Structures are given as C-alpha cells and as structure tokens.
Amino acid sequence: MDVKNVKGTHDVYGEEANAYMEVENLMSHIAELFAFRNVRPPVLEYSEVFTRGVGESSDIVRKEMYTFTDKGDRSCTLRPEFTACIMRLVTQNKLYATNELPLKYYYCGPVFRYERPQLGRYRQFNQFGVESIGVNSASADVETIVLAYTILQSIGLENVTIKLNSLGDEETRNNYREALKQYFAKYIEDMCPDCQSRFELNPLRILDCKVEDDKKYIQNAPRIADYLSKNSKERFDEVKALLSALSIPFEVDDSLVRGLDYYSETVYEFHYTSQKGLNYGAVGAGGHYGNLMKEFNGPDYPGVGFSFGIERIVSVLTDDDLLPDVSNSLTAYVMPMDKSYVNSALMIASMLRVEGYSVDLCYEPSKLGSMFKKAEKKNSKYAIIIGENELESSTVVIKNMNTQVQETVKIDNLVDYLDELESSDHECDCGCGCHEDHECHCHEHKEK
Ligand code: AMP
C-alpha cells in the first residue's frame, strides 16, 4: 500500500523535530517567566465554539474549517485557532471565579485550516500562544507584545518587525465600516467575489485582500486612524508610549486588520524576512478582543493574546542557520556480545535510565568493532560491553568513547561508578575542555 501524508500536512523528524521541541520548550519557559500558565484544550470542539451565532465573516470560519458530523449527529470541528477554545475552557470551568485577574494562559498544539498549501502555509500547523484575560488596559496589551518580542529575540530572531494598529472600539468600527462602504460602493462590482461578500459581511476585511487587481482600490481607501474615537485614540497612544518606554521597536501599519473577527483596539503582527530573502508571512500575530468571553456566556471580560506559527519560525531559523544545536547524545550505549545477553543489556539500561541517564542498547549484537561504530554514531559518551566473562562475574566493561579508557566494573557498582565519572566530568565555562568548573586556570583560558 502506497499511502502518503494528507495534502497540506507534513512529517517532522530528525533535526527538525529537535528544533520544534527546543523552540516550544523555550517559548513555554519564557511564558512561565511572565507568569502565564499552561492550558490544553482538546483538538476537537463543537463547531459552535468557532461559528458562534450569525455574522461571522472571517475566511477561516466561513471557508477553512475541517468540520464533520460525528456518529452522534453533532457538528464537530478540528480547531482552526486557539483563542475561542481557551474562552470555552475558561468559561466552562469558571476559572475566572477562583483566580486573580488577569487570567494568563499559554498553549501549544496543532491547528487545522483548509487553505491552499504554499510557502509557510499548511493545512495542519502548530501554534504557540498566550491569552491574558480580564484586564482592559494598554499595559495588558503591551505585556503580551513584550513577551512575544522576548521569545523571538531569545530564539535568535533579532530583526523582527512589529506591525501595530488600532481597530478602535465599537464606535470607531461602526463609523469606519460606513466610510469603507461608501468608498468601496463605487468599485465593488469590479473587485473579487471574496471582497463582494466581505462588502456585505464586514468591509474591514476587504483591506486584507491579497488579489493583485484589487490593491489599486484598497490603496486609497479611508484609513482607520482618521476614525478612532477619543477613547481608542488615547488607548492607542498609551500603547505606543509604553512600547517606546520599554525600547520595543514597532511600525504603525494602518492596513493591518487581522484574519479573525473578534479583534478590537490594539492589533499586531511579527514579521521576519530570512537572510535568503524568503518571506514566509507573519511569524506571529495577535491583538485585543472585547466580546469573546461574553459570547460564551461568561463574564464580560476583554482579553489580549497572540499566537506564533511554529512551522514558520522553524523555517526562518533553518534558513538563517539559527537552529538550536541539539545533538541527540547518549550517556551510554549497552553492547551485548551475543543475542542471549540482550535481556541483561536491557536490565542494565533500565537500571541506568531510572537514575536519569540516557541509555540505548544494541538489539542486534554483531562484531565489537561495528557495535562501537554504532555507539559513535549515536554520540554516546560511554560504551558498556557485556560478554560471557562479564556475565559470569556480574561485571561489565565500561569504555569512555572519548579517551578510550576502559574499566571492568561490578554491575552492582555501575551506577555509583558512572555518577562519579559524570560528576568529575564537567567542563569549565570557557569551553576549553578542562574539568575546572568555574575557576579555570588552564592555558587556553588564560589566553582568552
Ligand atoms: P492567526 O491565528 O491567523 O492569527 O495566525 C497566527 C500565526 O499562525 C501566523 O502569524 C502564522 O505564523 C501562523 N499561521 C497561520 N496560518 C498558517 C498556515 N496555514 N500554515 C502555517 N502557519 C500559519
């Protein structure tokens, strides 16, 4: 049977899988430093979580959802984004009742959108993101931007452009919507079918149209900055002032409208063009939302959050040679000299793994030389050899693959022996390879 992966999905393995793990761990670690806590909603939700009544005009909800009817005749959807899931999770479990505001959560996992696969665009991809719920302030918006920026800097993406805009409050958007309708009424017949339905449902979305022929109309459309209410303008000014005070660089881009409908006030995107010049689109994006929680029959709390596309981040890191250096090394590789010793090898491996050592074993014993080659390929620090003599005397031979020094050790003493070797084998900070921990006095160190 010749079966391939589903179109728009991709397999992750080898170095790339290491990179995903490292990037996700680092993001989680930094989110924890900012006092965000992990949540894990299911991949599968009832479709209403995303459709929420009528009037939804985002392409994601209208056209791109993987929706099906389950055997119980319920409409289910593979999540196309996380924010709605988090709102469902928070309101259903009444997390607002027992926790101080803002509620701060981060998440990571796959999302599904039936989009046209292309560079940086998959049908199943992974997002890492955060939501800060319950505080309506410029500082809560800015805290999420600082977090995202800190994460991007820490993984090595230093030249990130932050695009910032304000979509204003309801008053702003009502006035702006009217202005856009008046303006586009003259051109809409000549624009793409998507824009024609956007014109009816939500004319703001026209600004996000990617069709080349439509751009000439969009270019001269009214700008939202001219329609911001007094409150929204003050709020946006505060966001900009705070970002400047924190030395976070940003560009105001008043064409930024975002793909999901629930945003209001501050919205932002993170862009990075790799040194090869490939543009994968935004590596992350987010913003403030007002009514989402109320739509889930929760309290009328606003929120703000962003999500990163892990695929895009790993792609730019790969392009710019910035992938974290993760070698899948082992502490020990256990090599039975005969098939009948494989069980003993497994027992020794298990004993060491329980002590926190990463250990693999050879299931297909062969000549010693070729097993040593396997140990080298697996980047193992030690090889542990089990032969007939060893088993008879309840010992193993342990060989340091670097120094080639080997010793016979009683199996009962193996853990202590390894503990001792490992504790005396830390390298000094300068990387010269000597075994002094901090106070290194070696020649190379002095040279530096
Ligand atoms: P959104 O949920 O649309 O705000 O997207 C947040 C981030 O997810 C974007 O900035 C991208 O990095 C990433 N993303 C969105 N759609 C895709 C896709 N189809 N394939 C890969 N990454 C995506």
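The values are calculated or read from the model by the stated rules, or taken from the named source; none is laboratory data. Being a predicted model, the structure only gives us computed values, none of them experimental. As a convention, Cβ positions derive from the backbone with ideal geometry for all residues, glycine included, and neighbour counts pool all protein chains shown. Note: areas computed on protein heavy atoms with side chains; ligands, DNA, RNA excluded. Shrake-Rupley method; radii C 1.70, N 1.55, O 1.52, S 1.80 Å.
The C-beta contact set for the range 363-375 (first residue within 16 Å of Leu346 (Cα to Cα), second residue exposed (fewer than 13 other Cβ atoms within 10 Å of the Cβ), distance under 6 angstrom, 6+ apart or interchain) comprises Pro365/Asp338; Pro365/Lys339.
Being within 30 Å of Met87 (Cβ to Cβ) and either among the polar types (S, T, N, Q) or in contact with a Phe, Trp or Tyr (Cβ under 8 Å, 6 or more places away or on another chain) (or both): is that true of Pro365 here? Considered against the rule, which asks whether it is within 30 Å of Met87 (Cβ to Cβ) and either among the polar types (S, T, N, Q) or in contact with a Phe, Trp or Tyr (Cβ under 8 Å, 6 or more places away or on another chain) (or both), Pro365 comes out as no. Residue check: Asn165 meets all listed conditions (1) in a helix (DSSP H, G or I); (2) within 20 Å of Tyr217 (Cβ to Cβ); (3) in contact (Cβ under 8 Å) with a residue 12 or more places away in the chain but one, namely (1). When Leu278 is tested against (1) surrounded by fewer than 20 Cβ atoms within 10 Å (Cβ to Cβ); (2) near the ligand (Cβ under 9 Å from one of its atoms); (3) aliphatic (A, V, I, L, M), only condition (2) is not met. A search for C-beta distances below 6 Å between a residue of the range 335-350 that is touching a residue at least 24 places away in the same chain (Cβ under 8 Å) and any residue that is assigned to a helix (DSSP H, G or I) and surrounded by 21 or more Cβ atoms within 10 Å (Cβ to Cβ), counting only pairs 6+ apart in sequence or on different chains, returns Pro336/Ala345.
Return the residues of the range 239-260 that are in a loop (DSSP other than H, G, I, E, B) and more than 20 Å from Ala221 (Cα to Cα); say none if nothing qualifies.
Here is the first cut: in the range 239-260, the residues in a loop (DSSP other than H, G, I, E, B) are 246-250, 253-260.
Within the range 239-260, Leu246, Ser247, Ile248, Pro249, Phe250, Leu260 qualify.
Going by what's in this entry, would Pro299 be described as in the same structural domain as Pro102 (by TED's automatic domain parsing), under 36 Å from the mean Cα position of the chain (by Cα) and under 30 Å from Thr150 (Cβ atoms)?
Details: in the same structural domain as Pro102 (by TED's automatic domain parsing): yes; under 36 Å from the mean Cα position of the chain (by Cα): yes; under 30 Å from Thr150 (Cβ atoms): yes.
Judged against the criteria, Pro299 is a match.
Apart from one condition, Tyr176 fits all of (1) more than 27 Å from Thr51 (Cα to Cα); (2) open to solvent by less than 20 Å² (accessible area, probe 1.4 Å); (3) of a type in the set (Phe, Trp, Tyr); the exception is (1).
Take the residues of the range 1-20 that are assigned to a helix (DSSP H, G or I) and open to solvent by 50 Å² or more (accessible area, probe 1.4 Å): which is farthest from Tyr122 (Cα to Cα)? If you could, list the steps in order and put the result at the bottom.
If we filter the range 1-20 for residues that are assigned to a helix (DSSP H, G or I), which is where we start, we get 14-20.
Next, only the ones that are open to solvent by 50 Å² or more (accessible area, probe 1.4 Å) stay: 15-16.
Working: Glu15: 20, Glu16: 16 Å.
The qualifying residue farthest from Tyr122 (Cα to Cα) is Glu15.
In the set Leu147, Leu103, only one residue is within 22 Å of the chain's Cα centre (by Cα), at pLDDT 95 or above, more than 13 Å from the ligand (Cβ to nearest atom) and farther than 15 Å from Ser307 by Cβ; that residue is Leu103. Among residues of the range 300-329 that are among the basic types (Lys, Arg), those with a beta-carbon under 6 Å from a residue that is near the ligand (Cβ under 9 Å from one of its atoms) at least six positions away or on a different chain give the pairs Arg312/Gly120; Arg312/Tyr280; Arg312/Val283.
Summed over the range 192-209, the residues that are touching a helix residue (DSSP H, G or I) at 6+ places or on another chain (Cβ under 7 Å) and in contact (Cβ under 8 Å) with a residue 40 or more places away in the chain give a count of 4.
Each residue in the range 241-256 was checked for being under 19 Å from Thr172 (Cα atoms) and surrounded by fewer than 18 Cβ atoms within 10 Å (Cβ to Cβ), and 4 of them qualify. Evaluating Val23 against the criteria (1) outside any helix (DSSP H, G or I); (2) in contact with a helix residue (DSSP H, G or I) (Cβ under 7 Å, 6 or more places away or on another chain); (3) more than 19 Å from Thr83 (Cβ to Cβ) leaves one unmet condition, (1).
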